[in-house]
Amino acid sequence: MICPAARQEAQEATLAKVIELPLGQPAAELLAQIKRAKTLFGEIEAFYRRVLEQEAEAVPGWALVPGDVRRSIANPVGALERLIETFSVSEFVACCTPSIPELEKAWAKKKGVPAAKAKSEFGRCMSGLLIEKRNAPSLKAL
């Protein structure tokens, strides 16, 4: 079920013993344990997800529930054709968020720009129109 090394680490983990959050080397060791524990917990959850897929009553008080429904438009041209009497093309496009990689790829193909140069060339073409946002930083061991 759980490999012996993971079981041993779980038994020796200082996670449950943390009273104050340390700095320095003890902090590095604590963060490493947290990362490993998250991985272990993810594997345990995946195991029980598979169990519940096979037998819904296997874990009392727990069940698989459907995920959220995400809607998207499979045919934007068809959507515009249906909505053209309600929206102008500009109004319709203002409600759309294009996929930058897909638009970049299509643009490069139309312009005959090699894939290796597509991002930089497309960036120059769209100068002032592209917005770049960086995701929040994440902790990573060096």
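The values are calculated or read from the model by the stated rules, or taken from the named source; none is laboratory data. What you see is a predicted model, and the numbers here were worked out from it, not measured in a lab. Cβ sites come from the backbone with ideal geometry, for glycine too, and all protein chains shown count toward neighbours.
Some notes on this structure:
- The residue pairs whose first member lies in the stretch 94-119 and is under 22 Å from residue 74 (Cα atoms), whose second member is surrounded by 10 or more Cβ atoms within 10 Å (Cβ to Cβ), and whose beta carbons are closer than 6 Å, counting only pairs six or more residues apart or on different chains, are 104/118; 104/122; 107/122.
- Meets criteria (within 30 Å of residue 142 (Cβ to Cβ) and at pLDDT 95 or above) for residue 78: no
- Residues satisfying the stated conditions in the stretch 67-120, i.e. among the β-branched types (Val, Ile, Thr) and in a helix (DSSP H, G or I): 77, 89, 93, 100
- For residue 72, the conditions (1) touching a residue at least 60 places away in the same chain (Cβ under 8 Å); (2) more than 21 Å from residue 9 (Cβ to Cβ) all hold with the exception of (1).
- Filter pass, residue 28 being out of contact with any helix residue (DSSP H, G or I) (no Cβ under 9 Å at 6 or more places or on another chain), more than 30 Å from residue 125 (Cβ to Cβ) and in contact (Cβ under 8 Å) with a residue 60 or more places away in the chain: yes
- Each residue in the stretch 43-58 was checked for being touching a helix residue (DSSP H, G or I) at 6+ places or on another chain (Cβ under 9 Å) and either assigned to a helix (DSSP H, G or I) or exposed (fewer than 10 other Cβ atoms within 10 Å of the Cβ) (or both), and 1 pass.
- Residue list for the stretch 43-74, filter: over 30 Å from residue 97 (Cα atoms), of a type in the set (Gly, Ala, Ser) and under 21 Å from the mean Cα position of the chain (by Cα): 46
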